[in-house]
Amino acid sequence: MKRPIRILVVALAVSAVNTLAGEGAGDDVQLEALAYEALAAGRAADAENLFVRALQESPQNAEAIAGLGFIRMREWEFAAAEVLFERALEIAPDDELLRSAHQDSRFWGRLKKGDEAAADGRGWEAAAQYRSALEIKLGDPHALERLVKLGPSSAEAAESAQMASSHREVR
């Protein structure tokens, strides 16, 4: 999981540094660039402080908000990351890197919830989370492997629960 996050972080760091090369880069953009450099170097605490400072300068800085999302993902706090990426996408809805990061946070969040449910013996709930992850990333081997490990009874229970839920919604 670290590799996709690192690729996105490096891409955003390069983008921020390129923005700095333009004339009139504001303090928030400079702080953002430094934050992404710190994050790419593995200094998450420094990066977080710099992203927060950038947001104090410019609360609508989508890249700084996304930077906080990347930090949350590195901490395996996918629900928090998802919220941050959604907020960033509200500001920059056409940004493909943000869209991809949002999708990743949703996907890994479902896998994490599924893993927690499986560890607690709630196989049907785990299967439902893994299926939800597969709806986000069709055919992903991480989700498929987990679903197969649960066995057919958990997968069938998840499917039955999903059908019952959609039946209630139709009524």
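The values are calculated or read from the model by the stated rules, or taken from the named source; none is laboratory data. This is a predicted model, so every value here is computed, not measured. For neighbour counting, all protein chains shown are included, and Cβ atoms are generated from backbone atoms with ideal geometry for every residue, glycine included.
Criterion applied to 48, 82 was being within 15 Å of residue 32 (Cβ to Cβ) and charged (D, E, K, R), and the one residue passing it is 48. Filtered by the rule that a residue be under 30 Å from residue 61 (Cβ atoms) and among the charged types (D, E, K, R), segment 114-140 gives a lone residue, 137. Remark: pairs (first residue in segment 27-40, farther than 20 Å from residue 73 by Cβ; second residue assigned to a helix (DSSP H, G or I) and of a type in the set (S, T, N, Q); Cβ separation under 7 Å; 6+ apart in sequence or on different chains) = 29/19.
Exactly one residue among 119, 133, 101 is at pLDDT 95 or above and closer than 23 Å to residue 38 by Cα, and that residue is 101.
A count restricted to segment 49-76 and to residues that are within 16 Å of the chain's Cα centre (by Cα) and either in a helix (DSSP H, G or I) or surrounded by 17 or more Cβ atoms within 10 Å (Cβ to Cβ) (or both) stands at 13.
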